Amino acid sequence: MLVTAPLAEFCTLTIDEIYGELPSRIYASLLMRGRSTIQQLAGDTGMNPRQLRHGLALLLQHNLLYYHLDAGSPHHVYEANVEHAYNLTRTGKILQMVEEGQGPAAKDVMQTIILTGQTRVGDLIDAYQKRIDRVNRIKEALKAEDPFGDSTESHGVNGDTPPENKPKPNPQSSKSDPLITSTVQLKAIICKLVEAELLISVHKTTFESPEDLLATIESDIKKTYPGGEVKGNKAKAEYKDKVAEALRKQRSESRSLKRKLEQNGLSAKRRKLFDGAASANGTPEGEMDIGIDPQQVICLNYEKCLVELRNRRLMQFAAESFGTTTSFVYASVLNILSKNISRCRDDPIIDHYEKDDERPAPLVVTTAQILDALRTSLDLSSGLGQVDAEKISVTAAEKITEHAPRKKFFIDAEAEVDGDASSDEDEEEDVKPSLDLDYRPATNGVNGVNGTHVTNGVNGTAKRVDRRTRLRQHLLLLSESTQGFLRHCAADEWTIDFVPLMTNLRQAEIDATIENTAGREGIRLVRMLRAKGKLDEKAVMSVALMRKADMLKKLAEMHKHGFVQTQEVPREAKADVKKSFFLWYFDGAMTLERVLDVSYKTMIHCLQVLDMLREKDQHVLSLIKRSDVKGQEDDKLRKIHQEKLTQFLKLERMLLGQIQRVDDLVAVLRDY
């Protein structure tokens, strides 16, 4: 990741917001000075060794640092992990995603792991066991104080207790029951999160930076060659394959816990069999103990979380383009395909293959799998237009594109933000009519098994179309989109080309940003320059059909924001500004960097304003931290303090919400 000054400042402020000033000072020093030892950090920060060890331990606990021990040096070298520091901003989105996908109990476990950082499974089980025992003691104490609290004796009408005779609620009894009621349930949730790759195991190379890990692997592999040098094209190609294979092996170590669960028969399917056997033997369902090593250290897998967040974002894009029903269909496709996707972007070294036949086949999903994954309550007849069957061209609608599109976009999706260029490649498509025999156009008198009665507004006749055909209509609608949400790769098979899809969506986000900043005229000029290339003022004026004064004013405004660039072309060998002419052009990579830079500065400003508001209302905030006021603010605080607290909380929600909205843009432009 390219670390700019605004990004470094935002990561430092985020750590200060969550963990305090001590870790943030150490982190800021590492970002400013680079790789440092404890002695160097002590000189830069002015802290004593005890404070440094405490801050470094906290940062390492939450995977915010890399450390490396150089050969022949007794001191560890520490380096800032910017990616994980920025991902702290997405904690709320990750918890919401886990709650919607895995349930509230899984969200509680994930929240505990996020707060504690990397932790041993045994320590996590002990912490939850203490919490469960404490809740059970409170329940027993309340039951001892009111032994007749559950009495069915009633004195009211229809057996109800009169309101005036009802006991006042006890503040202790008003607490909701814990989501985790047993350690067996906790182990099952941990296994479920590990199988989803949201949790991974910590191994010895977890804290190695990618650069150090690559350097170590390259050094070890070069030792196997004569003289430690790689000579010849064949040897260099073999060397690249060995490095990529070694990096893949290192990366797969984080999924070792998942493989152990599968080998020991503790996968999801086997747990269902365990639960069924337990129910048959009289054991409550879900209470079958699942063995897991208590010494295993686990942590949050941000790469897989980004994949799930990307699925949610793509579902929102599909809902905006096609409607809610089609977005649910698309979400099912994404959920099936993402089970085998561990990260959003491929690594240029790890995912390098010399031959195309060595590259793994693209992931595909069938119509039957999508149909099984959809909820039966989803009405697939909504969100589709009704057209007569004879008006539909089956050859055009059912075209199959076997290969992914290879087209040069305005931003190279495979390059990083620093603007690496990609070579021009022609678009290759193999279009032919589908041979899927399950497809039947909607005609009068067709009755499906799970048919939906639809009235055609054209001729007023009734039609019944089966659920599978409706599903195919939604899938074809997605495959025909200009954004490329889906690709019909074979008969009854579908896939998603994430690289061109996200490139199109990045282009759409850039266009929306330019339109919000420079208006419709600005985005019109940008699209024209993107299509035509570099143009001088006369050419821009003739193509855009604008007056010269209006055109120059708009181009100057967009040049100020960094959306368009200029190139000076001298007319003579001796450069002279008066005798030169200027070409206007659009640079997608530079525009992307500019938008990201402004986004970071916006989030920094939000955190600074929030810090200023806290300092301004410090008196009120110090009151609500008191033990005799916490939880009873309405009764203990004065009216003027309540108003200030309400106003502060409102502004805090607005600022944090603005940070989350800006992060949505950053995620699409940089991470997805």
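The values are calculated or read from the model by the stated rules, or taken from the named source; none is laboratory data. Just so it is clear, the structure is predicted and the values come from calculations on it, not from any experiment. Note that each Cβ is placed from the backbone with ideal geometry, even for glycine, and that neighbours are counted across all protein chains shown.
Details
- Residue within region 569-588 that is touching a Leu at 6+ places or on another chain (Cβ under 9 Å), surrounded by fewer than 16 Cβ atoms within 10 Å (Cβ to Cβ) and farther than 30 Å from ARG506 by Cα present: yes
- Positions within region 221-241 being touching a helix residue (DSSP H, G or I) at 6+ places or on another chain (Cβ under 8 Å) and either under 21 Å from ILE350 (Cβ atoms) or not in a helix (DSSP H, G or I) (or both), in sequence order: ILE221, LYS222, TYR225, GLU229, VAL230, TYR239
- Residue that is assigned to a strand (DSSP E or B) and farther than 19 Å from VAL662 by Cα, where the choices are GLU572, GLU615, GLU568: GLU568
- Any hit, region 590-608, residues being more than 35 Å from the chain's Cα centre (by Cα) and either in a helix (DSSP H, G or I) or at negative phi (or both): no
- Single residue of region 192-218 satisfying the filter (in contact with a Leu (Cβ under 6 Å, 6 or more places away or on another chain) and among the hydrophobic types (A, V, I, L, M, F, W, C)) that is nearest to ASP70 (Cα to Cα): LEU199
- When restricted to residues that are acidic (Asp, Glu) and loosely packed, with under 12 Cβ neighbours inside 10 Å, region 599-629 contains 2.
- Looking only at residues of region 14-55 that are hydroxyl-bearing (Ser, Thr, Tyr) and at pLDDT below 90, we find that the one that is surrounded by the fewest Cβ atoms within 10 Å (Cβ to Cβ) is THR37.
- Just so you know, in region 616-643 the residues that are basic (Lys, Arg) and more than 25 Å from THR14 (Cα to Cα) include one that is modelled with the highest pLDDT, and it is LYS639.
- Taking first residues from region 605-621 that are farther than 19 Å from PRO6 by Cα and partners that are among the charged types (D, E, K, R) and in a helix (DSSP H, G or I), the Cβ contacts under 8 Å between residues at least 6 apart in sequence or on separate chains come to LEU613/GLU652; ASP617/LYS644; VAL620/LYS644; LEU621/ARG614.
- Residue check for LEU7: within 17 Å of ILE604 (Cβ to Cβ), within 28 Å of the chain's Cα centre (by Cα) and among the hydrophobic types (A, V, I, L, M, F, W, C): yes
- When residues in region 200-212 are screened for being in a helix (DSSP H, G or I) and either surrounded by 18 or more Cβ atoms within 10 Å (Cβ to Cβ) or at pLDDT below 85 (or both), 1 of them pass.
- Residues located in region 102-113, provided they are assigned to a helix (DSSP H, G or I) and over 16 Å from TYR302 (Cβ atoms): GLN102, PRO104, ALA105, ALA106, LYS107, ASP108, VAL109, THR112
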